[in-house]
Amino acid sequence: MNTILMKEVFSFENMIKKPLPLIRNGILNDFERQNIITPQTKIVFHLNDTINCCYAKYVGLNLHQDKDHLPEKIVIDSEFAPWKILSNLVNQIKIDFTLLNTKGLLKPVINEQLSNAIIIGNPDLIKVMGTKVVIHKGVVLDTTAGPIILGNSVRIYPFSTIEGPVYIGENTEVKSARISGGVLIGHTCKISGEICNSVMGDYSNKTHEGLIANSYVGDWCNIGGYSNTACLKTDYSEIQVKYRSTTYETGTNKFGAIIGNFVRIGGGITLMPGTCIDTCTTIVQLPVLKGYIKPFTRVTTGLKFSVKDFAVEMQAMMDRRQVKINEELLLYWQSIYDESVN
């Protein structure tokens, strides 16, 4: 039996708090995709120390010690460059849709579920991954440009327009939203306003008007009403992203923002193209933001949260989802905090 070693080669992974193979870059992540393609293959990860502390039980191996002794090893490099994920998102959703459909892992939407909706394009390209999807009257589902895949217990409320290719994770609510251009939305989210060519992580909320365009949003984020991500400069020049002490060339003139896990953004704030907000940061009372924002920063004061104070505020948010902060998450936060102050 072959062993596949999934190895990090370049990433903003500390902002996202997941091993790169578990970061969704289509309907599936690299780990899920490889498991479907080669189900008899053992897959292990090679992680950095910060991420490994959170996923040691999941990984099951200390790969820093064991990776050189794996038999019949096949190395797959996992790369997390958000602008590359977004540029390939339309194509990858279509590829994953075909893979899942061929393997019988997608179900057709029953007529009763579609009877309330206005369908544009081929209704056979609307699929579900569960049985409790609710689509209310006045919803427009457009598959002209690609498929629409809905997770279990997704609820789509009136006056929402969804243009494929789009994946919406289980237990997510969509209310009066316009979604288009290749979009991934994680599980247990609440979505309104406009989203195009973007990724929204799990447990993240955008429940008011405002635009998220060409951006990567992590888990447990909250974006206030009428906040927007700008994704194009007036001179159409290439967009750069600064992360810590390094500036990255994106190779594109259309890119919005990277918003790390546990970031909260108040209302009426504009993020300029290439903005990078590191994990555990709160943005309040600031109309325009650009550049790199360090972890655990409370903008506009510039002061840092303590891990203890931040955990108290986050637990109040997580209580609404019946989720408790565990020891691994506290260790992750502490490691990020220690890195940011040294």
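Assuming a strict under-23 Å limit between Cα atoms, what lysine pair count do you get for the range 99-207 once near-sequence pairs (fewer than 8 apart, same chain) are dropped?
Qualifying lysine pairs in the range 99-207: 17.
Quick query: amide H of I126 versus all other amide H atoms, modeled in the peptide plane; which residues come in under 5 Å with a sequence gap of 5 or more or a different chain?
I148
Restricting to lysine pairs 8 or more places apart or on different chains, what number in the range 209-342 have Cα atoms under 29 Å apart?
Summing the qualifying lysine pairs gives 18.
Under the rule of at least 5 residues apart or a separate chain, name every residue whose amide H is placed under 5 Å from the amide H of L105.
Residues meeting the criterion, in which the H sits 1.01 Å from N, do not exist here.
Give the residues of the range 164-178 whose amide nitrogen is closer than 11 Å to a point set 7 Å from the Cα of R321 in the direction of its Cβ.
Within reach of a label on R321: 172.
Computed from the coordinates by the stated procedures, all read-outs in this text should not be read as laboratory data. Every value quoted in this text rests on a predicted model; they were computed, and no experiment measured them. We place every Cβ from the backbone using ideal geometry, glycine too, and count neighbours over all the protein chains shown.
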